[in-house]
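Shown next, in structure tokens, is the structure this report addresses.
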Amino acid sequence: QVQLVESGGGLVQPGGSLRLSCVASGFTFTSYGVRWYRQAPGKERELVASITSVENYADSVKGRFSIARDNAKNTVYLQMNSLKPEDTAVYYCNSGRRYAYWGRGTQVTVSS
């Protein structure tokens, strides 16, 4: 059974940090790229970061977020620093052939 399970979300003050994790199972995770998306209330889902042989970031998070993978653990991380209230969203992990697999998301809330 294919699964992508996100964790690490929570409530953090502006300027704080969080590290999200995405653990994959049920498919050959190491063969595929991984993307992190986010969706804020009333907004479209937004691609935040991706990793294949290179890393790419949305302009809105460049210099603050970092994506990394540990293939031995079938895990991808999203390190988020200098968080802003506008980073508040549900964050989703996406991978697999043609990026067909999605996790259920983890809530990130940035508020004082």
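Given points 7 Å out from each Cα along the Cα-Cβ axis, report the Asp59 to Arg19 separation in nanometres with one decimal.
Calculated label separation equals 3.1 nm.
Using modelled amide H (1.01 Å from N, peptide plane; none on Pro or chain starts), what sits under 5 Å from the amide H of Lys84, excluding residues fewer than 5 places away?
Close amide H contacts, sequence-distant or interchain: Gly15.
Determine the relative contact order of the chain: mean sequence separation of Cα pairs under 8 Å and six or more apart, normalised by residue count, in whole percent.
On the way: 270 pairs, mean separation 42.4, N = 112.
About 38 percent, as a whole number.
Hey, which lysines would be in cross-link range of Lys43, C-alpha to C-alpha under 22 Å, not counting anything within fewer than 8 residues on its own chain?
Lys62, Lys84
From the backbone phi of region 21-30, what are the Karplus-calculated ³J(HN,Hα) couplings (6.51 cos²θ - 1.76 cosθ + 1.60, θ = phi - 60°) in whole Hz, Gly and Pro given as x?
Along region 21-30, the couplings run 10, 9, 9, 9, 7, x, 7, 7, 3, 5 Hz.
Name the residues whose placed amide hydrogens come within less than 5 Å of the amide hydrogen of Gly105, ignoring near sequence neighbours (fewer than 5 apart) on the same chain.
Amide H to amide H, under 5 Å and 5 or more residues apart or across chains, Gly105 pairs with Glu6, Cys93.
Need one number: nm distance between label points at Arg104 and Ser66, each 7 Å from Cα along Cα→Cβ, rounded to one decimal.
3.1 nm
With only Lys, Arg, Asp and Glu charged, each at its Cβ (+1 for the first two, -1 for the last two), find how big the charge dipole of the chain is about the Cα centre; round to the nearest 20 debye.
Values: 13 positive and 8 negative charges, 38 e Å.
Rounded to the nearest 20 debye, it is 180 debye.
How large a share of the accessible area of the chain, in percent, is made up of carbon and sulfur atoms when the probe is 1.4 Å and the other protein chains stay in place? Don't skip to the answer; put the middle values down first.
Values: 2710 of 6140 Å².
The computed percentage sits at 44.
Using the Karplus curve 6.51 cos²θ - 1.76 cosθ + 1.60 with θ = phi - 60°, work out ³J(HN,Hα) for each residue of region 39-44 in order, rounded to whole Hz, and write x for Gly and Pro.
9, 8, x, x, 10, 6
So for the chain: antiparallel DSSP bridges make up what percent, rounded to the nearest 5? If you can, show how the numbers build up before the last one.
On the way: 36 of 39 bridges.
For the chain, the DSSP antiparallel bridge percentage is about 90.
The values are calculated or read from the model by the stated rules, or taken from the named source; none is laboratory data. Predicted, not measured: the structure shown is a model, and the values here were computed from it. Reconstructed Cβ throughout: ideal geometry from the backbone, glycine too, with neighbour counts over all protein chains shown. Surface accessibility is based on the protein's heavy atoms, side chains included, excluding ligands, DNA and RNA. Shrake-Rupley method; radii C 1.70, N 1.55, O 1.52, S 1.80 Å.
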